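Okay, structure first, notes after.
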Amino acid sequence: MICINGVKIEKTSIKLSEYLSENNLSASRIAVELNGEILPKSKYDETMLKDGDVVEVVNFVGGG
Amino acid sequence: MKIKINGKKAETNQSTLFSAAAEFGCKTQNTVTIINGFQTSKDVDIKENDEIVFIEKGKIPDKDEFEAMLSARHTPRVYEAAKNSRVAVAGLGGLGSNIALMLARTGIGTLHLIDFDVVEPSNLNRQQYMISHLGLYKTDALKEQIMQINPYVNVICDCEKVEEKNCTELFKDDEIVCEAFDNPEAKALLVNNLLENRSDVFIVASSGMAGYEKSNSITTKKITDRFYVCGDGTNEAKQGRGLMSPRVTICAAHQANAVLRIILKEFDV
């Protein structure tokens, strides 16, 4: 199970880049926290989320 | 016993507020009296280490007393911590102008203000500027107001656009940074750049505060030990959903209070 933004997903692995594109999340507008640490942008493409991972994708929307 | 009266250390044997006032020649009529950050009109008992301020209405205090009076409503421990801290505010629009003024009123010792833009008429619906500021750089307009509110704040201005190439250098002396940009790419750039390259920085960012949706949908979330995000996370500014003063100010207040809590080492949300 993988937990992304508080939602439990019954899978043992997901490609981060696939999750982002399926959810219409643009890499230039987000910050990704993986198990308590910020994931560097350069690792988005290669990162495979695995069983037990807890992920928060912060999506920045316009306005301020 | 030792007490502080109008910011100055004093020694007294008096046991009540009014008797101490009499001893040190302070009036209690037509006067605002504040003991340990709390305003009172009663002749309450005093004790060792109390901080007392008597502010005679309508009288301009001398310079020494002035800072003590400005900070009199702050809880003593809070004021000391605020005074010794430095906070960067990146972006001085609806969020940043409000955050900076709130932090100035709170007595933050050093404010580092960053924005490249000038004040224009469409800013006035939510940003802390006035007609007289139109055409001025936001850094200058905001500094002028801070000096009118609390002249003891050290204000450092950088009239620059934050980009990958200058990010590290611009924020090198900052350990607490408020992300208060309008543009989502700029928000993500600052947050990722600082969090990837600096292990010593706290960042309080924002996402989602447009329109007039429910006030209570705006929250402060803690993402990592050093990364907080305020806002509702979804309501972007777009056609038909503009940025309006109430919700932008609510979000700014979330950010300012998150900063204050970090300064006071209260890290939960």
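For residue B:75, the solvent-accessible surface with a 1.4 Å probe is about 80 Å², rounded to the nearest 10. Taking a point 7 Å out from the Cα of residue B:183 in the direction of its Cβ, the residues of segment B:94-117 whose backbone N falls within less than 17 Å of it are B:94-96, B:114-117. Taken along its principal axes, the alpha carbon cloud of segment A:1-57 reaches lengths of 27, 23, 20 Å, longest axis first.
Among B:216, B:98, B:123, the largest mean-square fluctuation in a Gaussian network model of chain B, built with springs joining Cα atoms closer than 10 Å, belongs to B:216.
Top to bottom by accessible area (1.4 Å), largest first, where do B:227, B:24 land?
B:24, B:227
Note on surface exposure: B:112, B:74 rank B:74, B:112 by accessible area, highest first, 1.4 Å probe.
Amide H contacts for residue A:9 (H built 1.01 Å from N in the peptide plane; partners 5 or more residues away or on another chain; cut-off under 5 Å): A:2, A:3, A:4. Helix-only arithmetic for the protein assembly as shown: the sum of -39500 (n - 2.57) across DSSP H runs with n ≥ 4, divided by the residue total, places the mean residue ellipticity at 222 nm at -8500 deg cm²/dmol. Measuring between alpha carbons in the structure, the pairs from B:138/B:161; B:187/B:221; A:41/B:165; B:165/B:222 lying more than 18 angstrom apart are B:165/B:222.
Counting only protein heavy atoms and using a 1.4 Å probe, the accessible area of residue B:108 comes to about 0 Å². In this structure residue B:67 has an accessible area near 50 Å², from a 1.4 Å probe over the protein heavy atoms. The distance linking segment B:35-77 with segment B:174-209 is 37 Å (Cα centroid to Cα centroid, whole angstrom). Listed by chain and number, the lysines whose C-alpha is less than 20 Å from the C-alpha of residue B:214, apart from same-chain residues fewer than 8 away, are B:238. Put a dot 7 Å past the Cα of residue B:269, heading toward its Cβ, do the same for residue B:161, and the two dots end up 3.0 nm apart.
The values are calculated or read from the model by the stated rules, or taken from the named source; none is laboratory data. Bear in mind that the values here come from a model prediction, so they are computed numbers and not experimental data. Cβ: placed from backbone, ideal geometry, glycine included. Neighbour counts: every protein chain shown. What goes into the accessible areas is simple: the full protein's heavy atoms, side chains included, and nothing from ligands, DNA or RNA. Shrake-Rupley method; radii C 1.70, N 1.55, O 1.52, S 1.80 Å.
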